[in-house]
Amino acid sequence: MPLGLRGKKKPKSKENSKLVENEELGERAAFAGRSTTKAATDGGGLPPPPVNLRPKLVFHTQLAHGSPTGRIEGFTNVKELYGKIADVFHLSAAEILFCTLNTHKIDMDKLLGGQIGLEDFIFAHTKGIKKEVEVFKSEDALGLTITDNGAGYAFIKRIKEESVVDKIKVIGVGDHIECINGRNVVGIRHYEVAKMLKELQKGKAFTLKLVEPTKAFEMIEPRSKGGKTGGDAKIGTGRGTLRLRSKGPATVEDVPTEFEEKAVKKVDDLLESYMGIRDTELAATMVEVGKDKKNPDEFAMALDEALGDFAFPDEFVFDVWGAIGDAKEGRF
């Protein structure tokens with residue numbers, strides 16, 4: 001079915017966690033080198049093995065503003081991950097805004113997305129100060145890039161220098177957007193939040209209710225540092241990665257190839273350009289869906305099957321198809 005005519009489809013043994021002092025995680029390191037079968041592009045893949053045959057992957061975690069070290073295991077998606085962390089530190093999972101890998105800082109280059117390196121250390125950033133800000137929309141673009149935490153919270157991933165929002169110093173990278181003009185946007189996907197902000201009328205003021213991450217004293221630093229992305233930052237430090245999926249079981253996979261890394265970065269850039277969001281999990285899914293498709297129409301139909309809740313413009317689909325093709329041919 002050609003682009004523009006395709007239909008849209010709408011989508012779909014807990015183990016105890018505990019605080020630990022120090023531990024050598026031999027089973028995790030031993031498993032890191034094994035080859036694994038990648039899941040199918042629809043997120044389902046092969047059925048998960050019986051619980052007693054699954055590898056015991058254990059990760060260390062801390063609260064980003066300071067805490068003892070915790071140990072978590074047995075999660076298959078981001079929501080379950082937050083739940084495990086919350087159990088360790090006796091929190092509500094709703095208190096966790098997002099996680100970073102291998103740094104306690106609010107570093108958007110190290111944001112946990114759809115993959116965790118088998119040797120990665122997870123830092124959880126929790127809700128801190130609430131604030132309400134009035135913003136005068138003097139330009140069409142606010143200068144914000146929005147992402148979400150995979151569990152219903154949209155937050156600010158980038159602030160463009162010299163933009164409308166950059167001049168309001170109380171707004172920072174990592175702030176969760178809770179309300180826009182009194183409308184609660186918790187549970188609304190990041191692309192919808194970005195669209196709402198884009199559609200606000202130029203020349204008028206609006207209010208934002210924000211929740212900033214809890215900060216330790218040593219984390220307070222110039223806010224502009226958090227708003228820049230380092231193009232080649234790698235997610236994992238281990239020899240393999242745990243791929244978390246919104247649908248279907250998590251899978252242990254080899255470290256992404258050079259093609260996959262370049263293609264995902266380019267698709268993520270296109271998401272920001274077209275939709276005002278960054279989402280490495282979404283970008284990785286699109287690359288996985290498109291890498292074996294023969295033409296743009298076949299790719300567009302596969303996107304509808306896998307990601308029916310997104311209404312992608314045809315021009316965007318063509319550009320993503322081209323980006324995947326460029327990565328295959330090494331044209332980056």
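The values are calculated or read from the model by the stated rules, or taken from the named source; none is laboratory data. Remember, it's a predicted structure, so these values are computed and weren't measured experimentally. For neighbour counting, all protein chains shown are included, and Cβ atoms are generated from backbone atoms with ideal geometry for every residue, glycine included. What goes into the accessible areas is simple: the full protein's heavy atoms, side chains included, and nothing from ligands, DNA or RNA. Shrake-Rupley method; radii C 1.70, N 1.55, O 1.52, S 1.80 Å.
Results, tabulated for the structure shown:
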quantity	calculated
Accessible-area value, ASP319, 1.4 Å probe, nucleic acids and ligands omitted, Å²	60
Within-12-Å neighbourhood charge of PHE136 [Cβ basis; K, R +1; D, E -1]	+2
For segment 107-157: span of alpha carbons on each principal axis (Å, largest first)	46, 24, 19
Dimensions (Å) - segment 88-193, Cα atoms, principal axes, largest first	46, 27, 24
With eigenvalues of the C-alpha gyration tensor scaled by 5 and rooted, segment 263-326, Å	16, 13, 11
Order by protection proxy (mean Cβ within 10 Å, highest first), peptides 159-171, 109-121	109-121, 159-171
Protection proxy ranking of 95-101, 58-64 - average other beta-carbon atoms within 10 Å, highest first	95-101, 58-64
Segment 146-208: C-alpha gyration tensor shape, a/c 1.5 cut-off, then a/b vs b/c	oblate
Separation of alpha-carbon centers, segment 272-313 and segment 139-162, rounded to whole Å	20
Other-chain or far-sequence residues with amide H under 5 Å of GLN115's (modelled H)	LEU244
When each of LYS130/LYS265; LYS110/LYS294; LYS110/LYS195; LYS266/LYS294; LYS169/LYS266 is checked by Cα-Cα distance, pairs over 22 Å	LYS130/LYS265; LYS110/LYS294; LYS110/LYS195; LYS169/LYS266
Alpha-carbon Rg with Dmax, taken over segment 72-148, Å	15.3, 48
